[in-house]
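Quick notes on the structure that follows.
Every read-out reported here was derived from the displayed coordinates using simple, explicitly stated rules and does not represent laboratory data. Since the model is a prediction, treat every value here as computed from it, not as a measurement. Methodologically, a virtual Cβ is constructed for each residue, glycine included, from the backbone with ideal geometry; neighbour enumeration extends over all protein chains shown.
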There are 4 protein chains.
Amino acid sequence: MNSAGRLFRISLYGESHGPGTGVIIDGCPPGIPIGEEDFLQDLGRRKAGAEGTTPRVEADTPAILSGVFKGRTTGAPIHIGFRNENTRPDDYASFMAVPRPGHADFTAAMKYGGWQDPRGSGHFSGRITIGLVAAGVVAKKVLGYCAPNPVQFATRIVSAGGSEDVTAAVHDAAEHGDSIGALVEIRVSGLPPGWGEPFFDAAESVIAHMLFAVPAVRGLEFGDGFRAASMHGSEHNDPFIDRSGRTARNGAGGINGGITNGNELVLRIAVKPASSIGLSQKTLDFVHNRQVDLQIGGRHDACIALRSMVVLEAGVACALADLALTARALSPYQSNIPWRQE
Amino acid sequence: MNSAGRLFRISLYGESHGPGTGVIIDGCPPGIPIGEEDFLQDLGRRKAGAEGTTPRVEADTPAILSGVFKGRTTGAPIHIGFRNENTRPDDYASFMAVPRPGHADFTAAMKYGGWQDPRGSGHFSGRITIGLVAAGVVAKKVLGYCAPNPVQFATRIVSAGGSEDVTAAVHDAAEHGDSIGALVEIRVSGLPPGWGEPFFDAAESVIAHMLFAVPAVRGLEFGDGFRAASMHGSEHNDPFIDRSGRTARNGAGGINGGITNGNELVLRIAVKPASSIGLSQKTLDFVHNRQVDLQIGGRHDACIALRSMVVLEAGVACALADLALTARALSPYQSNIPWRQE
Amino acid sequence: MNSAGRLFRISLYGESHGPGTGVIIDGCPPGIPIGEEDFLQDLGRRKAGAEGTTPRVEADTPAILSGVFKGRTTGAPIHIGFRNENTRPDDYASFMAVPRPGHADFTAAMKYGGWQDPRGSGHFSGRITIGLVAAGVVAKKVLGYCAPNPVQFATRIVSAGGSEDVTAAVHDAAEHGDSIGALVEIRVSGLPPGWGEPFFDAAESVIAHMLFAVPAVRGLEFGDGFRAASMHGSEHNDPFIDRSGRTARNGAGGINGGITNGNELVLRIAVKPASSIGLSQKTLDFVHNRQVDLQIGGRHDACIALRSMVVLEAGVACALADLALTARALSPYQSNIPWRQE
Amino acid sequence: MNSAGRLFRISLYGESHGPGTGVIIDGCPPGIPIGEEDFLQDLGRRKAGAEGTTPRVEADTPAILSGVFKGRTTGAPIHIGFRNENTRPDDYASFMAVPRPGHADFTAAMKYGGWQDPRGSGHFSGRITIGLVAAGVVAKKVLGYCAPNPVQFATRIVSAGGSEDVTAAVHDAAEHGDSIGALVEIRVSGLPPGWGEPFFDAAESVIAHMLFAVPAVRGLEFGDGFRAASMHGSEHNDPFIDRSGRTARNGAGGINGGITNGNELVLRIAVKPASSIGLSQKTLDFVHNRQVDLQIGGRHDACIALRSMVVLEAGVACALADLALTARALSPYQSNIPWRQE
C-alpha cells in the first residue's frame, strides 16, 4: 500500500515527527555508480528556504544504508534514510478535535480509528516525499543505462495562482498570509519508443499512479490534455514527420496506446494551494459540534508547488525506470521489421 | 501488465478481430447475486448505434463462463466472455507501412518488433474495453455490499468539442466527417470515509491508474482540479460543516490525503477526439519515407466519449471495489474515538 | 489469488462441470512461434486413459483465443481455453452434507459460506490444472529463448505406494479399489546461473509457490532435500569442480542462495494418494452429526501422480520463465569479472 | 524481489557488514499494542551464544523507527531497524576468487556481475533474517486479532544429524569442527477454517514461498508429507470426527484444497548442515583454475537449525497474517449454511 512498482519497487516509511523517514528501493540493477553526493542537487530543490516555503530547516543528509558497495549498486535493496532533526512533537492534539480543512486529519481518523500518528500530519506529511526524491535520483541513473540516448528532465512552474509571473504571485501570497496553487510542467526527452503496456500498465497509468500519490495534486494531463476535450479530430491530427516517429505537434505528449512513441514526454500537474495558511479559517469543532475559527500557527508554504516540482519529477522518473526495466524483460526476441511488411 | 487490482483483480484479453474478448475477475467475494441480465444496461451504453458512434454492430451478449453458480458468485474467478461476430480481418496491412496518426500502430510495432496483431488495432482496439465494462458491473455489485449506503454513479458529458450543447456539436462533427473530444464528469455518492491509502495507493492513484488505461484519455482531475492551480488558499478553503465530514464546497472531490472523506467523489476526464476521421489526413509512408494523404475508410465515431463514458465509469467502479476490499482487510481492530481525545 | 508470476503471469479460471476452463498468460514476449499442435504432447500426458487413471474422457482440444497471430505470440495476453464436454452436473448435493475426507468440500464451504460450485469439486477440481499445463507449454517456449542452451525437462515417478515397481504398484492398487501416493522427480538441465533472488523470490520459493498450488502435493525438496537434515557438513560439502560452477555432487539441486548455479535443477515432490477410492470410507454426516459410511461412486484415479507429473513440470516451467524474464530485466549493466578481483 | 505478501507486506534490507539491517512492514492494521520489549523473546531465540552457534555477538536491539505511536500500530508502515555493531569488513576478497562451496558467493557473482557486497555474504547473510523475525512478532500480534481463538506456535527440532538426541548430536558435531542438518517441526493451533485460496495462493504455497526464502532450507512437507508418497488411499483416509471439521489423524496437516481446515497446522522443514565448517574443504580456485584446500576461519554454527527455528516460525506467522487479512477482505457477505442444503 506504501509501495509502488513492478520491478523498480520503492517503499516509503516514516512520520513527520518520528525519528526519521526514508525509502527502500528494490529492483535496481547492479553496477550503477551512486554516492551520497548524487542526491544533493535534487534534495536541495525540495528544501525549504526560498521565498514561499516554510522555515522548517532539516539538514536532509541522505544516508545510504544498504545496497551500495564501493560506490556501485550491488543489486540488493537500497535503503536511503533521513533523520528528522527539527521535530516539534507538540501542538497536534487540537487537530484531532478540530481537524484542519484540506488535510488528512479527518480521513486518517476515520480510516485508522484514531490510531494514526497525528504529530505534524504523521505519515501524511510532505516530509515523507523526501524518500521519493531520493528514489527519483536512483531512477534517473537507471534511465541513463536503459535508454540509448541521454534522458533529460525539464520541470517548471507554468503559472501560480493563475499568473505567469510566478515570483510576483508567490511574493504577493506570502505577504498576505495566503497560499497559491500552481501548474507544473514536466518534459522528458531522450525516451525511446516502446515503453509501456497497452492496457492497465499504460505509461500514463503508471505515471499517474505515482503522481496522484504526491500530496496536493489535483489534476494531471498529457500532451494536449484537457484542451483535447474541446478540439476537433481534424485539428487534433498529428502526422508522423519522420521515420523515427516524430510527429508534427506532439499532441499526445509522447505516448500512444499506452506506449512511448519516442517524442518528448509532456505532462502537466495541477497543484492546489496549501491548505494551511496564516489567515484564519472557519471549520468544525467535532467535539462541541460547532463552527469555530481555526488559526494554524507558524509560517507556511505560500506555494507548495515550488517544493513539489522535484517530488513530481522523481515520481515520473521512478515510473519510467519501472517501465524501462519491464520493456527490457519483455522485448521481442526477434524483429519482424514491421514497415517493410506488405 | 494487462491486469489491475490488489484484491479485486481484473485481467483483460482479446483482439478486435480475433475470436472474442473478455475479462477474468478474481477476488470477488462469494454470495453476490449476478446474472447475464445485470450486464445488459451498461453494455448497452457502450454499444454503437446512436448518432456519433460507429456502425460496427456486435450483439455484445455476455457469457458468464465461470465463477457463478445458481445465480450467485462462488468466490472463484469469474470469466465473462464476448464473441467477436462482426469481424473484418482485412485491410490492415497498409497500417503497418503507413501507421495511422494518433493510433498505436507505430508504438505497437516498436514495442513488439512488428509481431502485434494489426487487425482492427488488435489488442489496442476499443473493443477490449467491453471486458472492463463487464467487470464494472460486478464491481458495482461488490460496492453495494461494502458500503453502508447505496453507491450511485452519475456520469455525463459536460461538453463536447468545447460546446455544452453536446447533441448539436456531435451532429455537426458527424456531418463534416470530423470528430470531437469531450469532457466527461463522473460523480459517485454513497461512499463512506476511510477508503484509500496515504501514499502509493491513494484513492486518486488507484482510480487514475484505471482511467489512463482507457483509450483516448488525455487528462484527469478531482474536485477543483486544474482550477485549483489558479486559486488562493483562502478561496480554496473548504471547512467541515457537520460531523459526518461534509465540507462546504467539496473542493477536494471526495478525497483527502488519498482517503475518501465521505463526500461525493467528483472527477472529470478529458477524452480526445477520435483520430480516425472521414476527412483525409497527412501522414508518413514509412516504407517510402514520404508524406502521403491517408483516407481511413468506413464510418467513424464522431465523439468516442459517448461510448467511453460507461467504460470510464466501470474503471472507477473497479478501482473503488478494490479500495473497499482493502479497507475491509485493514480496518482497525478497535477504535480510539478520535475526536473525543484531548 | 488465482494468478501467479511477476512478469510471466498466469491466471486460471473454470470449474469441473461449467462450460469450460482455461488460462490467460500475460507477459509472454512477442515473436515466439506457437500453435495448437504444440500443446498436444503435454496435454496428452495429463489425459486419462492409461491404467490407474479415471475414465473421464475429454477431447482436451486447446483453443488459442487471443495473443497469437499468424503462428507467433504478439505480446498481448494469450488465452487458451478448453471446453468441458463430459460433464455430469449431478450427484454433488450429498457432498455438502457429507463432505468427502481429504477433499476441499468442507474447507470450501467454510471459506465461501456455502456459495462454492460443488459440481465435481468445482474450481477445486483437478480439471483446472489443464490450464497450467497449457501455460507450461508456453513457458517452455520462453525458456528456449531466454537460456543460452536448450532447456530440457526430465520428469519421472521414482516410486509409488513405496515401491519402485510403479506399474505393478498401480495395477495392484487399481485392482483393490484403492489408490497410492507417489514420489515425482523433476530434473531441468540447461539453466544458466543467475536466475532467482536472494530472499523472497528465491528460485526455490517461486517454484514452491507454484507446486504447492497443485492438488495433492504434500512435500517438496531440492537436491539432497530431507536427507540433508541427517547429514554432516563434511559429508554435505559439495566443491566446485570447474569454472562453469559445476559441483561434485550437485547436492543443492541447482540453486545456491536462491539463485540458479548452472547445475541441473533437481527436485522431488510427494504426491498423496487420491482421497476418492472405490473402497468405503468412514466420515461424518454434518446434518445428522453422526458417522456414516461413504461410498464414492464411479471409477477413480489409482495413482493421481501419473497425471500430475506433467502438471508439476508445467508449474516448474512457469516459475522458471518468470525468473528468466526477471533476470533479463535486472541483469547488470556491466560486469566486474568477479574472480579476477583481489 | 525482496518483498513478500499481498496485504501484510514485508520488505527486508541490509547487509551483514553494512551499517544495519531491518524490515519495513506494510499492511499492519492500526490499534495493535506493540513495543520494543515484545521483540526480545523471539530475537533472543535467534541469537548466538548457546552451544552449536557462532560467537558473533550482536546486541540485536530493535528500534521501532516508524508506524507505532504511543505503543500502538498506526496503520502506517512499520520500520524496525537493527544496527550492525560487530562487523569485521575484512577477509572476504578471497571468496571472490575461491567461492565457498554451498554458499552464494558464486551465484551472486554470476547474477550481479561481481558487484555484490561480499563482506560476510552481504545481503545473503543469515544476519538478514533478523528482520523476518521482527516481522514475525508483528504477524503473531495480527493473528491474535484475526483468529477467534488464541493462535499458538510450537516449534522444535525433531532430529539433528539423523539423531533424536539433538543436544548430543550438536555437541559431537561442534567438537569435531563439523556441522549437522536438522529436521524442524512447526505446529500452529487455533487457526480457523477458511484461510487460503484454491489455487496459486494456496495456504501451502504462501507458506512455502516464505520458508524456501530462508537460507539453508532444503525441503518442506505438510501433514503426512513425504510419507504420503508411500501410502495407500485407504490408509491415508482421514475422516471428519466432529462438526468443527476435526479429522481423525490430521494427515493433511491442517489444510485441504489450499484452505485451512481448522485442524492444527503441521509442517516440517529440512535444514541443511552449515556449509562453513572448521574442517578443511576442497574447492576450486577460479583464478588459477585448480583444486585447493579451503579453510574457513573463525568458529561456526554447528547446527544452524538451532537459530533458524524462530526464523522459520516467523515466516509461517507472516504468511498466516497475510492469509488472514485476505480472508477478512474476501469473506462472504452472507452464508448459505452449507450442510443443511439438500
- Query: Exposure proxy check: D:Thr74, C:Thr247 ranked by fewest other beta carbons within 10 Å?
  - Reply: C:Thr247, D:Thr74
- Query: Nearest 0.05, what FRET efficiency do A:Gln295 and A:Val158 give at R0 = 30 Å with Cβ-Cβ as r?
  - Reply: 0.40
- Note on the structure: Among A:Phe8, A:Leu183, A:Ala134, the residue whose Cα sits farthest towards the positive end of the charge dipole of chain A (+1 at Cβ of Lys and Arg, -1 at Cβ of Asp and Glu, taken about the Cα centre) is A:Phe8
- Note on the structure: Among B:Ala321, B:Val271, B:Gly122, the residue whose Cα sits farthest towards the positive end of the charge dipole of the stretch B:3-340 (+1 at Cβ of Lys and Arg, -1 at Cβ of Asp and Glu, taken about the Cα centre) is B:Ala321
- Message: Defining the label point at 7 Å along Cα→Cβ, can you sort the distances from B:Thr167 to the same site in each other copy, shortest first, in nm?
- Response: 5.4, 8.1, 9.2
- For chain B, the fraction of alpha-carbon pairs in successive 20 Å shells from zero, as %: 28, 55, 16, 1
- Average projection area in nm² (convex hull over Cα atoms of the protein assembly as shown, one quarter of hull surface): 45.8
- Mean other chain Cβ within 10 Å across B:188-196 is 2
- Task: Could you pull out every whole DSSP H run in chain B that spans at least 18 Å of Cα extent along its own axis and averages -0.5 or higher on the Kyte-Doolittle scale?
- Result: B:129-146, B:305-330
- Note on the structure: at B:Gly190 the sorted inter-copy label distances (label 7 Å from Cα on Cβ side), in nanometres, are 4.0, 5.1, 5.6
- The alpha-carbon center of the stretch C:116-183 and that of the stretch A:97-125 are separated, in whole Å, by 53
- Query: Any idea how far apart C:Lys70 and B:His171 come out in nm if each label point goes 7 Å out from Cα toward Cβ?
  - Reply: 4.6
- Query: Exposure proxy check: A:Ser234, C:Ser276 ranked by fewest other beta carbons within 10 Å?
  - Reply: A:Ser234, C:Ser276
- Message: Can you give the local net charge around D:Val206? Use residues other than it whose beta-carbon is closer than 10 angstrom to its beta-carbon, Lys and Arg +1, Asp and Glu -1.
- Response: -3
- Query: From the phi of every residue in the stretch B:28-44, what ³J(HN,Hα) in whole Hz does the Karplus formula 6.51 cos²θ - 1.76 cosθ + 1.60 yield, where θ is phi - 60° and glycine or proline is x?
  - Reply: 8, x, x, x, 8, x, 7, x, 4, 5, 5, 8, 5, 4, 5, 4, x
- Can you bin the stretch C:61-191 into rounded, prolate or oblate? Criterion: square roots of the alpha carbon gyration tensor eigenvalues sorted a ≥ b ≥ c, rounded for a/c under 1.5, prolate for a/b above b/c, oblate for the rest. oblate
- Query: Excluding same-chain residues fewer than 8 positions from D:Lys47, which lysines have a Cα within less than 29 Å of its Cα?
  - Reply: D:Lys70, D:Lys140, D:Lys141, D:Lys272
- So who's got an amide H within less than 5 Å of the one on B:Lys282, skipping anything under 5 residues away but keeping other chains? H placed 1.01 Å off N, in plane. B:Leu294
- Return D:His236, A:His176 ranked ascending by Cβ neighbour count within 10 Å, so the fewest neighbours appear first. A:His176, D:His236
- Message: Would the stretch C:186-342 count as rounded, prolate or oblate if I go by the C-alpha gyration tensor, calling it rounded below 1.5 in a/c and otherwise prolate when a/b exceeds b/c, oblate otherwise?
- Response: prolate
